[in-house]
Amino acid sequence: MVPATGDVAPTPWRERQAALGDLRRRVAIQSSVGAADGVRARRILFALGEPPADLLDALDALDRFERAIVECDDPSVIEARRLNCLAILDRLAASGQPRASC
């Protein structure tokens, strides 16, 4: 087995869950968009080592949520985008449960 580099290696399960929990908390209370926060959120997602489709779903949901804030969409639209983003983060957390080793 070839050792993975720090840039592409998936994080251990507990670190992954902690990172997703932190990102979920930030999305749950977010009311404005800052470049640094957006970069930090995307770094968390890329560091998780998710399959491409899951990663794209999460990035798309985060982008739509942040765009709704920036464009001053109706509060109900912003909240719907927030809930969608949280649902996708919850799905990522659930899909990353540790597996029993053989």
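The values are calculated or read from the model by the stated rules, or taken from the named source; none is laboratory data. None of these values were measured; they are calculated from a predicted model. Counting neighbours? That spans all protein chains shown, and the Cβs are built from the backbone with ideal geometry, glycine included.
The residues of the range 35-50 that are assigned to a loop (DSSP other than H, G, I, E, B) and at pLDDT 80 or above amount to a single one, Leu48.
Per-residue answers, yes or no, for (1) within 21 Å of Glu15 (Cβ to Cβ); (2) in a helix (DSSP H, G or I); (3) modelled with pLDDT of 90 or more; (4) of a type in the set (Val, Ile, Thr):
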| position | (1), (2), (3), (4) |
| --- | --- |
| Arg64 | no, yes, yes, no |
| Val77 | no, yes, yes, yes |
| Ala80 | no, yes, yes, no |
| Ala87 | no, yes, yes, no |
| Ser101 | yes, no, no, no |
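Taking the numbered list (1) closer than 15 Å to Arg24 by Cα; (2) under 12 Å from the mean Cα position of the chain (by Cα) in turn, Glu66 passes all entries but (2). Checking each residue in the range 10-49 for being surrounded by 12 or more Cβ atoms within 10 Å (Cβ to Cβ), farther than 24 Å from Ala80 by Cα and among the charged types (D, E, K, R) picks out Glu15, Arg16.
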